[in-house]
Amino acid sequence: MDILETDSRYRRKSLASVRNTVSKLLPFFMAVCIYFVLWIPLSEPGLYNAFIKCLPIVSLQFYVLIHSIGVCKISFYAQKIYLGLIFSAAGDICLVWPEYFQLGMVMFGLAHIMYTIAFGFHPLNLRIFIFIALLCGGFYSVTFSYLSGPFVYMVAGYTMLIGTMTWRALSRVNLASHTFSWTCVSAALGSIFFIISDCVLAIDKFCFPVFNSREVIMSTYYGAQMLIALSIPDLSRDNFMWKSK
């Protein structure tokens, strides 16, 4: 009876948390809808285009701030995710103008560094490291022949950074543990979406045109950032937590 009662309380608390989170994300969803409805042509770079493009990321910055204010604490993890979102917004602005593409890569590289620091390096999980390293190495070897100039080195460096971020996000997930947390799963899914978005972007820019590339890139990108931002709340008392007691 105690177990059933505990489970019932957990479900009510989880439902309330979901509703609260969705309400805080409404500005983000509205900003994403505005971006896809307006669908400003890439051939028209300008401040208005840059504003509309980075508005969803700015909305996620406010989500992190609102959550931190609500719990009266800005954790180290939240600080790094917030900084990652700031660098991401800067990268979005840079990519509006083709001549600032390299600077945009630098901004997103810094964002991945912030996310990696937030995710930490424990546990290491070398099996995931080897898998991601092989995946990134294979991708770079495929795109290498299409690269020239500074992109030969910049794409290599960026691939290592996003690969490291994905490795650290995936390493935090332990489905078999009683400390299983949906926040870790959210960050892991976000990292996967991020790497899909950037792979499509790289292929479309350096290799060959990808059908509906912009739709794929931006939908997976915004989804990735949202999932990473959703890893802010401390939901460690999760589905399996009560079973450890």
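The values are calculated or read from the model by the stated rules, or taken from the named source; none is laboratory data. Note that the coordinates shown come from a computational prediction; the quantities given were computed from them, not determined experimentally. Don't worry about glycine lacking a Cβ; one is built from the backbone with ideal geometry, like all the others, and counts go over all protein chains shown. Just the protein is used for accessible areas: all its heavy atoms, side chains included, with ligands, DNA and RNA removed. Shrake-Rupley method; radii C 1.70, N 1.55, O 1.52, S 1.80 Å.
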Conditions first: (1) open to solvent by 50 Å² or more (accessible area, probe 1.4 Å); (2) under 18 Å from LEU230 (Cα atoms). MET114 passes all but one, so which condition is the exception?
(1)
Of all helices (runs of 4 or more DSSP H) completely enclosed by the range 89-204, which ones contain at least 1 residues that are touching a His at 6+ places or on another chain (Cβ under 7 Å) and among the aliphatic types (A, V, I, L, M)?
151-171
Enumerate the pairs (first residue in the range 217-245 and within 14 Å of TYR63 (Cα to Cα) and of a type in the set (A, V, I, L, M); second residue anywhere and modelled with pLDDT of 50 or more and open to solvent by 60 Å² or more (accessible area, probe 1.4 Å)) with beta-carbon separation below 7 Å, excluding pairs fewer than 6 apart on the same chain, so at least 6 apart or on different chains.
LEU227/LEU189; LEU227/PHE193
Could you go through the range 197-207 and let me know if any residue there is within 12 Å of the chain's Cα centre (by Cα) and buried (at least 18 other Cβ atoms within 10 Å of the Cβ).
yes
Lone qualifier among GLY109, GLY138, GLY104, GLY120 - being at pLDDT 95 or above, out of contact with any helix residue (DSSP H, G or I) (no Cβ under 9 Å at 6 or more places or on another chain) and open to solvent by less than 40 Å² (accessible area, probe 1.4 Å):
GLY138
What number of residues in the range 220-245 are modelled with pLDDT under 95 and not in a helix (DSSP H, G or I)?
10
Does GLU44 qualify as being in a helix (DSSP H, G or I), open to solvent by 20 Å² or more (accessible area, probe 1.4 Å) and either within 19 Å of THR21 (Cα to Cα) or not aromatic (Phe, Trp, Tyr) (or both)?
no
Pairing a residue in the range 117-137 that is touching a residue at least 24 places away in the same chain (Cβ under 8 Å) with any residue that is surrounded by 14 or more Cβ atoms within 10 Å (Cβ to Cβ) and among the hydroxyl-bearing types (Ser, Thr, Tyr), where Cβ atoms lie under 7 Å and the two sit 6 or more apart in sequence or on different chains, gives ALA118/TYR77; PRO123/SER171; LEU124/SER171; ASN125/SER171; ILE128/SER171; ILE132/THR166; CYS136/THR159
